[in-house]
1. Once you measure Cβ to Cβ distances between cysteines in the chain, which Cys have no partner under 4.7 Å?
2. Enter the angle in degrees (range 0 to 90, nearest 10) between the Cα long axis of helix 62-76 and the first principal axis of the Cα atoms of the chain, meaning the one along which they spread out most.
3. Taking the Cα centre of segment 1-57 as origin, sum charge times position over the Cβ atoms of Lys and Arg (+1) and Asp and Glu (-1), and report the length of that vector in debye to the nearest 20.
4. Fewest first, what order do Arg109, Arg166 take by the number of other Cβ atoms within 10 Å?
5. As a test of the formula, what do you get for the chain when each DSSP H run with n ≥ 4 contributes -39,500 (n - 2.57) and the sum is divided by the residue count, at 222 nm and rounded to the nearest 500 deg cm²/dmol?
6. Considering amide H positions built from the backbone, and no H for Pro or chain starts, which residues 5 or more places from Cys87, or on another chain, come under 5 Å of its amide H?
7. State, to one decimal in nm, how far the label point of Lys15 lies from the label point of Lys83, with both points 7 Å from Cα in the Cβ direction.
8. Roughly how many debye, to the nearest 20, is the charge dipole of the chain about its Cα centre, given +1 on each Lys and Arg Cβ, -1 on each Asp and Glu Cβ, and no other charges?
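No lab work stands behind these numbers, since they all come straight from the coordinates. Bear in mind the structure is a predicted one, so any value in this text is a computation, not a measurement. Here Cβ is always computed from backbone atoms with ideal geometry, including for glycine, and neighbour counts include all displayed protein chains.
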Amino acid sequence: MNKAIFLDRDGVINKPVLDLVSPEQFELLDGVPAAIKKINDSGYLAIIVTNQPVIAKGFVTTEGMDEIHRKMAQLLGNARIDKIYMCPHHPEKGFDGEVKELKIECGCRKPKPGMLLLAAADFDIDLKNSWLIGDSDTDIAAGKAAGCNTIFIPAEAKNLLEAVGRIINK
Ligand SMILES: [Zn+2]
């Protein structure tokens, strides 16, 4: 079986922005390429699990989000994200411009573990020997619900590089 380090995106990989909807708004946090390269070299998979309700809200399309992720890949250089799982849903209906079919109670929006369980099935991942690194209670809850180990930034590690160092150097 494989092992993974699941990564939240906003606030862990990139600087958090309210409604990040264009590549120009996407900036990496310090040390992130080195942290992800370290994951790549360790044999863990590097998998992003991200809630993106901005898609359900109609602020950006799935294609627009792909463009943001191409910018991310470009900024990461030779560090590689193995897969991005994204929840495009949002449960609260009744706003202008929303994408009605995405305004649902889904099984993938963190704190639910749906994206991690799907990844585990896709990549044959041993969840109890895998980790989730996040910066919110909902991230940590999703990781725990999937049976993973978790690291909360910045309470348990200052940033992604420090968190990854803790997992890999043990
Ligand atoms: Zn969802």
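1. Flagged as lacking a Cys partner: Cys106, Cys148.
2. Orientation of helix 62-76: about 30 degrees from the principal axis.
3. Values: 6 positive and 7 negative charges, 48 e Å.
Here segment 1-57 has a charge dipole of around 240 debye.
4. Numbers: Arg109 21, Arg166 14.
Result, fewest neighbours first: Arg166, Arg109.
5. So the helix-based figure for the chain works out to -10000 deg cm²/dmol.
6. Thr50, Asn51, Gln52
7. Computed distance between label sites Lys15 and Lys83 equals 3.2 nm.
8. On the way: 21 positive and 24 negative charges, 97 e Å.
Result for the chain is approximately 460 debye, rounded to the nearest 20.
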